[in-house]
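Worksheet: one structure, shown below.
The values are calculated or read from the model by the stated rules, or taken from the named source; none is laboratory data. All of these numbers come straight from a predicted model, not from anything done at the bench. A quick note on method: Cβ atoms are made from the backbone with ideal geometry, for glycine too, and the neighbour counts reach across all protein chains shown. Keep in mind that these areas ignore ligands, DNA and RNA; they rest on the heavy atoms of the full protein, side chains included. Shrake-Rupley method; radii C 1.70, N 1.55, O 1.52, S 1.80 Å.
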Amino acid sequence: MIRTAGRATRIAIMQPYLFPYLGYFQLLHCVDAFWLLDTVSFIKDGWMNRNDLLQDGRRMRFTLPVMAAPQGTPIHGRRYHPKAKQALQRLDRSLRYGYARAPFRARAQGLVAALARHIEQADDAPDFTETTAFALQRSCDALGVQTPIHRVSDLALSPDLRGQDRVIAICRAAGATDYVNMIGGRALYDAADFRAAGIGLRFLQAVCPPHDQGGQEFVPGLSILDLLARLPEDRIAGMLAQGALIPAAP
């Protein structure tokens, strides 16, 4: 379900997230290839399987449950719980009623419906990475983002690699000459080490400009489903290009 492509120059690496916020897609938009980091542990109560929308003017959390697994099980070994099907039905109802006046609501509901059909065709407990990657790819298609998406687990790197060493190894295996990380992780990386490996290092400062959410005070950082339900394609395309690339300090 994931696009494949030839070797790229500028890449980003992130865990797979379900219908994430605009900044995630700004990162996807600014690179030549995007690698899903599915070889690390799943973060329980994190954002990989959940996000927020609006309901009656307030944040409303949606979650697709994930099955329990032994401690240390990597993301690519995790599975969605069979109850994820019911969770998607609830998400569809939330869009139907919470976004009743949103002009492009059908587009957001279409993504949820496509994911529901995909899960129906899978096992009772669908593979987490494959299913989330499907949702990401469909989201990219709706946004006009053509960046190919790959899985780090396909590279068969040493499981002993950690932190910056793992990122550099992924860049080498992917044939990358530049690596882009969200600016929140700036303290985790040493530009000199990347230069020594022949890789440039940059950071993306996400920019999430306010938009009309039904006449109420703007609530930032919602799922991309909020934007897709409310704004035309050209407006979203302009937002995707607003992320600011910042070179690493010398």
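Within the stretch 87-113, the set of residues being in a helix (DSSP H, G or I) and either more than 22 Å from the chain's Cα centre (by Cα) or closer than 30 Å to residue 162 by Cβ (or both) comprises 93, 96, 97, 98.
Scanning the stretch 115-126 finds one or more residues that are surrounded by fewer than 20 Cβ atoms within 10 Å (Cβ to Cβ) and polar (S, T, N, Q).
Within the stretch 47-66, can one find any residue that is under 16 Å from residue 139 (Cα atoms), assigned to a strand (DSSP E or B), among the basic types (Lys, Arg) and within 19 Å of the chain's Cα centre (by Cα)? Within the stretch 47-66, one or more residues are under 16 Å from residue 139 (Cα atoms), assigned to a strand (DSSP E or B), among the basic types (Lys, Arg) and within 19 Å of the chain's Cα centre (by Cα).
Each residue in the stretch 120-136 was checked for being part of a helix (DSSP H, G or I) and free of Cβ contacts under 8 Å to residues at least 40 places away in the same chain, and 2 pass.
Would you say residue 69 is over 18 Å from residue 133 (Cβ atoms), over 17 Å from the mean Cα position of the chain (by Cα) and hydrophobic (A, V, I, L, M, F, W, C)? Yes, satisfied.
Here residue 68 fulfils each of the conditions (1) among the hydrophobic types (A, V, I, L, M, F, W, C); (2) touching a residue at least 60 places away in the same chain (Cβ under 8 Å); (3) open to solvent by 40 Å² or more (accessible area, probe 1.4 Å) apart from (2).
Annotation: of all residues in the stretch 72-86 being part of a helix (DSSP H, G or I) and free of Cβ contacts under 8 Å to residues at least 60 places away in the same chain, the one that is farthest from the chain's Cα centre (by Cα) is 86. Return yes when residue 117 is among the charged types (D, E, K, R) and either within 19 Å of residue 35 (Cα to Cα) or in contact (Cβ under 8 Å) with a residue 12 or more places away in the chain (or both) and no when it is not. Taking the combined requirement at face value, the residue does not satisfy it. Within the stretch 15-29, the presence of at least one residue that is open to solvent by 10 Å² or more (accessible area, probe 1.4 Å), of a type in the set (Ser, Thr, Tyr), closer than 12 Å to residue 128 by Cβ and within 20 Å of the chain's Cα centre (by Cα) is confirmed. For the stretch 208-241, taking the residues that are in a helix (DSSP H, G or I) and of a type outside the set (A, V, I, L, M), the one that is least open to solvent (accessible area, probe 1.4 Å) is identified as 226. Taken over the stretch 137-174, the criterion of being among the aliphatic types (A, V, I, L, M), part of a helix (DSSP H, G or I) and in contact with a strand residue (DSSP E or B) (Cβ under 9 Å, 6 or more places away or on another chain) is satisfied by 152, 155, 167, 168, 170, 174. Being within 17 Å of residue 23 (Cα to Cα) and open to solvent by less than 10 Å² (accessible area, probe 1.4 Å) is the filter here, so list the residues in the stretch 193-207 that pass it. Result: 203, 204.
Here the condition is being under 23 Å from residue 17 (Cβ atoms) and either basic (Lys, Arg) or under 20 Å from the mean Cα position of the chain (by Cα) (or both); of 210, 220, 159, it holds for 220 alone. Considering only residues that are of a type in the set (A, V, I, L, M) and free of Cβ contacts under 8 Å to residues at least 24 places away in the same chain, which ones fall in the stretch 160-191? Selection gives 161, 169, 173, 187. Taking the criterion of being touching a Lys or Arg at 6+ places or on another chain (Cβ under 9 Å), surrounded by fewer than 21 Cβ atoms within 10 Å (Cβ to Cβ) and more than 13 Å from residue 129 (Cα to Cα), would at least one residue in the stretch 80-88 satisfy it? Checking the stretch 80-88: not a single residue is touching a Lys or Arg at 6+ places or on another chain (Cβ under 9 Å), surrounded by fewer than 21 Cβ atoms within 10 Å (Cβ to Cβ) and more than 13 Å from residue 129 (Cα to Cα).
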